[in-house]
Amino acid sequence: MPGDQLELMAHLMRRVGVGARRDELEELAARPYEDVVEELLHPETFTDPDQDVIERYLPTATSIELPSVPASRWIYNMANGPRPLREKMALLWHQIFATAFFKAVHARASIAQVDQFRENGLGSMRQILLDLSRDPAMIDWLDNSENHADSVNENYGRELLELFSLGIGNYTEDDVKAAARAFTGWTIVPGAPINPYEMNDPQFRFDPDDHDSEEKIFLGETVVSGEDVIEVIIKQEACARFIARHLYNFFVADEPPVPSWHQAPPVDSEAIDTLATAFLESDGDIREVMRTLLNSDFFKDARFQRVKSPVEFVGGVIKLTGAPQFPDLPMSELSRAAELMGQRLYDPPSVEGWHTGQEWFDSGTLTQRVNFAVEQVMDTSKPGIAQIIERVAADGDASPEQLVDRCLDLCGPLAVKPQTREELIERAQEGGALVFENGAGSEARERIGRMVQLIVAAPEYQFA
Amino acid sequence: MTTSIARPPVLVVIQLAGGLDFLNTVIPFQSGIVRDARPTVAVPAEETLPLNNELAWHPAVAPLKQLYDDGKVAVIQGAGWEHQGGPGADRSHFRATDIWHTCTPDKISTEGWLGKLTREFDPQSQNPVTAVNFGLGLPRALAAPGVTVTSVDSLDRFGLMTEIELEQERAKDLDSFKRMYTPAVGTAMVQEYLAQTGLSVLQSAEILADAPEQYASEVEYGSSPIAQALRDVVRVHTAGLGARIFYTLQRGYDTHSGQNDQLPVLLTQLSEAIRDFIQDLRNHNASEEVTILVFTEFGRRIRDNGSGTDHGSGGGAYLIGDGVRGGLYGEYPSLDPSDWLYGEDLSHTIDFRSIYSTVLDQWLGVDPTAIVGGSFEQIHPYREPIGVG
Amino acid sequence: MAVETNGANEASANGTYEILLRAGYPYEQTLGRRLVTFNPIDLAVGKEGRIYCLGRGPFETGGPLRILNWEDEDLGVVRRRPAEPNDRPAEADCGWIWPAGIVCDEDERIIVSDEADHTITIATRERDEEIARWGEHGSAPGQLDRPAHMAIDDEGRLLVVDTMNHRVQRFTMDGRYIDGFGSYGSGFGELDMPWGIALDGDGCVYVGDWRNDRVQKFSPSGEPLMIIGSSGDGDGELNRPAGVAVDQHGDIYVADRGNNRVLLFNREGRYVEKFLGDATLSPSALKMLMEQPILLRQRDLTVLEEEKRLRSPASVRIDGDRLLIPDFGYNRVQVYRKEAYPLREDQVAPIPTRPALR
């Protein structure tokens, strides 16, 4: 099969998930690209790995104060589940609708919120915003339970427009007030508090007596309810462009930080136009917009244009190593590792979500990234690493150049700049040619393992 | 400026993670109210270490008693802030810690006060070890855009690819790493930034690599993480690398249950570590250069829960060092039940930003206003004002 | 009455009664609370009313092995090794990694299995650390792969559910392998990641066949005798059943974990009734609440219906006529007390030949 098809498939899988094993890639690359995309867009046709088994060994109930168990399970499913796009969409909405853990006195609600993103992440924008507006964790987080007919709290109304759907500059202060009034009475019934036993799930409740049912003018239209507001929002070109840009930033290439979007133009405004059009023409069907995105040339050409988020980085490394496979003790390292790299799932730093792109890097987080990757691939008995070594070995003796090229090919394939390749070759040359005969096989295999260690430490490995 | 200071003043911040029970650290041992409210965790008065007619240290603080008696420990009573989000939010570990780290009780912010201070000390980011954190992960207190902070898990195993056992292989790998991360002409901005970050990691590692070798000491620290971290602070400080801010934390103060088992262990480890640290600095003639600030995100509930204590407010903070004028500062929170916050908590009596302002202004000679986000009344725990006038 | 039932109970232990007159199974009390009996995965009743409640924390953090009594007093913890300070709640870490099961022997030694390091630890409440630990990871006879619940037979030997080897193995207390039975599968007598285990008065073995959604009864020598339950959430159906127990009358209890309930089957395997949870405030929970005005207010504003239910129970234990359910997801133990009278043959009419509506 043509190498480019394989590379394209590797690119696709890095973006809709955290990468794919070589054998998976070869299978995928034998099929038409559009078919693979179509399958990915329908995660509901697959079932997850046995969640009961994970629940048996890593019960969510033990994780009420620190979301490390569901976070690790999330990363694990991203790497090992049959429907990575579902997990990535949940991550995208979690990033946009950033709800932090600390204020969720009902932490179970935070977990349920992400489950909802997972369930309907590829659905219609209308439904996504409706679910969000009824989500107990969100209602608590942005104080909509304090938003009363006779004393309006604008927090949710404002963030809905500014951060969740339109972006600064596409609404007025009067629109914020109208939106806030429309969501009065959207509140929660709390469950039992965490002490003395354990919390219960809060429930959404619409309180008609606390709802301002007068007509309001929102973005030039007459509205009464929160549903009306959402209906107006999703018809806005601004909403289409805002969501398009988020999708581009998350799946195609890094955009400047979100707060600067009202000033900084998109990296590729033509691409944003295309996605926004798909959004408007499909009445905000996210699956349709994603179909357009993944089949576009601008997507296919955007190789290694995004800095991996910590979660993607950790997931990518465990995908490469093929371990842990079973819900095993080392699974606990996954959320912790991502946390040390600056991303604690379920706990974005503020309502703006994480700052992405190059802002993921500082000296501490880069150290964590490099050391985590090197440490994980060091154990050559892990199935993924063993597979790489055996495949390099299967091609027989190799010059230093061949050693480097084969390893780069199997670690992605990872495209590196000439400078990096030269450094790797120089390092490979110290050991001379790779020879398997005359009992030299084990030393040769060791050298392959060391080459893989160096490759995951290379700057290119930080990009998806 | 006192003349004995050879190097610019240094701040060591110790965070007691989990929420140290102030009522059981500086104990109002005469108070019947406290005794009644705490049938399980109250320390018998005769076991406490009185520091005046009303207050006494928890017996596990004994190793610090001498330092206190010598006037080197300032206890700041009732440190906290005006709750904004109600007990639910302000009693969250995450939120309360963030508030101490970012100085913004009223809104969520991601810039830390020590990050800003680092920028003040090293605006061009020329010295990556201006601020050094000992522990995994960077606390938000040290985070600020464009500010480089070195985060060290263990000084003896610091740097990149530390898992590679063979020293020779590792050295070569680091060499390769350095060349792979050397910015090439015409690369994209993000790649250049990544390259520079990679090189700065190597640079910090090189700077810190010699510190352990230069260090010799008579002091035998304990094996607790806090003792080891403070030893690392001395090793880096005495190496004269220009570090001005050190940060570390001791975990385990979230004593909801079994407080009587856990708290003494932690307080003993902490007190011994600080005692040894000060002694070590004295031996190196450097004790006048360092102030320790100890804080915890919140105090704990007045009534115990039958096994431990739950999240509360009105905690304490401590300034320790040979430059400190010891004693009690601020006011002990009222124990009168009618004054209890929410009917169950100590009310704070001093805003924590007052403490930060004091240290910034009087110890480090830095204008605190921008760093803590406003003007806060200061206390006076320094023998002489330093860095002003 | 008391004399009568005692006599009948004795008879029942020998399995000589005809039918059981079931008077009721009232809820009796709740023990423990969050942070004291944290995520109880299993429990064992020792002497003098001591209850050993085994907590299972997230990941490698183990959990507290808390000792309580019927008055719900906190009598401290048992440790596998001395605690080290860390960022976990105080005392949450008693030295186990993934503790799964606990039993107490006649000398009140405490035996705990750990699924993470595949070991069995023997400890006592007096010492602050283990007295013995054994277990080798693997699939050969005598090796273990994720040991779960355990039971002690009448000769004082330990039966261990060896989950990932899909079998039950018998050891001496000092870890010498004796015998075992079971293999992977869904057929009669086969097991799929079994979890719970219990013995009846005849030495028959009941195994919680977790991934097959059933309990299987085996003879003392490991011959399959009976299947109890099937997949589902209806009456008598099971969703990932974990712990099992058998009482003096031969009644079989199953922690129907996935359905958040405990089912009761009679000794023939016929479904009798279910326990959904009836928790009230335990003494320690009450104390905690009374000291917290905010919590009292919060509680007053909530709907309490859900809170009394069981959540993900992983075990069920019998102590005399008491039924104890470690209520994993609610950090407490719910206790019921059985009222039943075994009847002799001459007290009961013969079995009818057909069911009738009269």
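Data overview
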| item | result |
| --- | --- |
| Evaluation of A:GLU430 against (1) surrounded by 18 or more Cβ atoms within 10 Å (Cβ to Cβ); (2) without any contact (Cβ under 8 Å) to a residue 24 or more places away in the chain; (3) not aromatic (Phe, Trp, Tyr) (one fails), failing number | (1) |
| First in the stretch A:84-104 and closer than 22 Å to A:VAL258 by Cα, second anywhere and outside any helix (DSSP H, G or I) and at pLDDT 95 or above, Cβ under 6 Å, 6 or more apart | A:MET89/A:GLY121; A:MET89/A:LEU122; A:ALA90/A:GLY121; A:TRP93/A:GLY121 |
| Any hit, the stretch C:215-224, residues being surrounded by 24 or more Cβ atoms within 10 Å (Cβ to Cβ) and under 15 Å from the mean Cα position of the chain (by Cα) | yes |
| Some residue of the stretch B:189-209 being in a loop (DSSP other than H, G, I, E, B) and more than 8 Å from chain A (Cβ to nearest Cβ) | no |
| Verdict on A:SER110 being small (Gly, Ala, Ser), surrounded by 23 or more Cβ atoms within 10 Å (Cβ to Cβ) and more than 23 Å from A:ARG241 (Cα to Cα) | yes |
| Exclusive hit being assigned to a loop (DSSP other than H, G, I, E, B), touching a helix residue (DSSP H, G or I) at 6+ places or on another chain (Cβ under 7 Å), more than 10 Å from chain A (Cβ to nearest Cβ) and among the small types (Gly, Ala, Ser), set C:GLY269, C:GLY277 | C:GLY277 |
| Residue within the stretch A:310-325 that is touching a residue at least 12 places away in the same chain (Cβ under 8 Å) and more than 30 Å from B:LEU194 (Cα to Cα) present | yes |
| Strands (runs of 3 or more DSSP E) wholly inside the stretch A:202-321 containing at least 3 residues that are more than 30 Å from C:THR302 (Cβ to Cβ) | A:216-218, A:221-223 |
| Odd one out for A:ASP283, checked against (1) touching a residue at least 40 places away in the same chain (Cβ under 8 Å); (2) surrounded by fewer than 23 Cβ atoms within 10 Å (Cβ to Cβ); (3) under 17 Å from A:ILE96 (Cβ atoms); (4) out of contact with any Phe, Trp or Tyr (no Cβ under 8 Å at 6 or more places or on another chain) | (3) |
| Every residue from the stretch A:153-180 that is under 24 Å from A:SER124 (Cα atoms) and charged (D, E, K, R) | A:ARG158, A:GLU159, A:GLU162, A:ASP175 |
| Meets criteria (within 14 Å of chain A (Cβ to nearest Cβ) and at pLDDT 90 or above) for C:PRO26 | no |
| When residues of the stretch A:47-72 are limited to those that are modelled with pLDDT of 90 or more and crowded, with 23+ Cβ neighbours inside 10 Å, the one nearest to A:PHE117 (Cα to Cα) | A:ALA71 |
| Single match in B:GLY258, B:GLY299 (criterion: within 13 Å of another protein chain (Cβ to nearest Cβ) and in contact with an Asp or Glu (Cβ under 8 Å, 6 or more places away or on another chain)) | B:GLY258 |
| Qualifying residue in the stretch B:125-145 (condition: assigned to a loop (DSSP other than H, G, I, E, B), at pLDDT 95 or above and more than 8 Å from chain A (Cβ to nearest Cβ)) | yes |
| Some residue of the stretch B:223-239 being hydrophobic (A, V, I, L, M, F, W, C) and assigned to a loop (DSSP other than H, G, I, E, B) | yes |
| Qualifying helices (runs of 4 or more DSSP H) (wholly inside the stretch A:360-413; at least 2 residues being of a type in the set (Asp, Glu)) | A:400-410 |
| Considering residues of the stretch B:341-351 that are touching a helix residue (DSSP H, G or I) at 6+ places or on another chain (Cβ under 9 Å) and surrounded by 23 or more Cβ atoms within 10 Å (Cβ to Cβ) only, the residue farthest from the other protein chains (Cβ to nearest Cβ) | B:LEU346 |
| Number of the exception - C:GLN143 against (1) farther than 19 Å from C:TRP98 by Cα; (2) in contact with a helix residue (DSSP H, G or I) (Cβ under 9 Å, 6 or more places away or on another chain); (3) surrounded by fewer than 22 Cβ atoms within 10 Å (Cβ to Cβ) | (1) |
| Residue count for the stretch A:134-149, restricted to those that are surrounded by fewer than 23 Cβ atoms within 10 Å (Cβ to Cβ) and of a type outside the set (Asp, Glu) | 4 |
| Of all residues in the stretch B:266-291 being touching a residue at least 60 places away in the same chain (Cβ under 8 Å) and among the small types (Gly, Ala, Ser), the one that is farthest from the other protein chains (Cβ to nearest Cβ) | B:ALA286 |
| Answer from C:GLU237, C:GLU190 - the residue that is over 25 Å from C:PHE275 (Cα atoms) and out of contact with any Lys or Arg (no Cβ under 9 Å at 6 or more places or on another chain) | C:GLU190 |
| Breaking point among (1) buried (at least 24 other Cβ atoms within 10 Å of the Cβ); (2) more than 14 Å from chain C (Cβ to nearest Cβ), for B:VAL294 | (1) |
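Rundown of residues vs (1) in the same structural domain as B:LEU23 (by TED's automatic domain parsing); (2) among the basic types (Lys, Arg); (3) surrounded by fewer than 23 Cβ atoms within 10 Å (Cβ to Cβ); (4) touching a helix residue (DSSP H, G or I) at 6+ places or on another chain (Cβ under 7 Å), yes/no style:
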{"position": "B:THR255", "(1), (2), (3), (4)": "yes, no, no, yes"}
{"position": "B:GLN259", "(1), (2), (3), (4)": "yes, no, no, no"}
{"position": "B:LEU267", "(1), (2), (3), (4)": "yes, no, no, yes"}
{"position": "B:ASP276", "(1), (2), (3), (4)": "yes, no, yes, yes"}
{"position": "B:ARG282", "(1), (2), (3), (4)": "yes, yes, yes, no"}
{"position": "B:GLU288", "(1), (2), (3), (4)": "yes, no, yes, no"}
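Yes/no per residue for (1) surrounded by fewer than 18 Cβ atoms within 10 Å (Cβ to Cβ); (2) assigned to a loop (DSSP other than H, G, I, E, B); (3) in the same structural domain as B:ARG282 (by TED's automatic domain parsing):
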| residue | (1), (2), (3) |
| --- | --- |
| B:VAL41 | no, yes, yes |
| B:ALA62 | yes, no, yes |
| B:GLU111 | no, yes, yes |
| B:ARG119 | no, no, yes |
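Results for (1) over 27 Å from C:TRP70 (Cα atoms); (2) among the polar types (S, T, N, Q); (3) at pLDDT below 95, shown as yes or no for each residue.
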{"site": "C:PHE265", "(1), (2), (3)": "no, no, no"}
{"site": "C:VAL272", "(1), (2), (3)": "yes, no, no"}
{"site": "C:PHE275", "(1), (2), (3)": "no, no, no"}
{"site": "C:ASP278", "(1), (2), (3)": "no, no, no"}
{"site": "C:SER282", "(1), (2), (3)": "no, yes, no"}
{"site": "C:LYS287", "(1), (2), (3)": "no, no, yes"}
{"site": "C:PRO313", "(1), (2), (3)": "no, no, no"}
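Yes/no per residue for (1) facing chain A (nearest Cβ under 9 Å); (2) within 24 Å of A:GLN203 (Cα to Cα); (3) β-branched (Val, Ile, Thr):
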site: C:GLN298; (1), (2), (3): yes, yes, no
site: C:THR302; (1), (2), (3): yes, yes, yes
site: C:SER312; (1), (2), (3): yes, yes, no
site: C:ILE318; (1), (2), (3): no, no, yes
site: C:ARG322; (1), (2), (3): no, no, no
site: C:PRO326; (1), (2), (3): no, no, no
site: C:VAL335; (1), (2), (3): no, no, yes
site: C:LYS338; (1), (2), (3): no, no, no
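The values are calculated or read from the model by the stated rules, or taken from the named source; none is laboratory data. Because the structure is a prediction, the values reported are computed rather than measured. We place every Cβ from the backbone using ideal geometry, glycine too, and count neighbours over all the protein chains shown.
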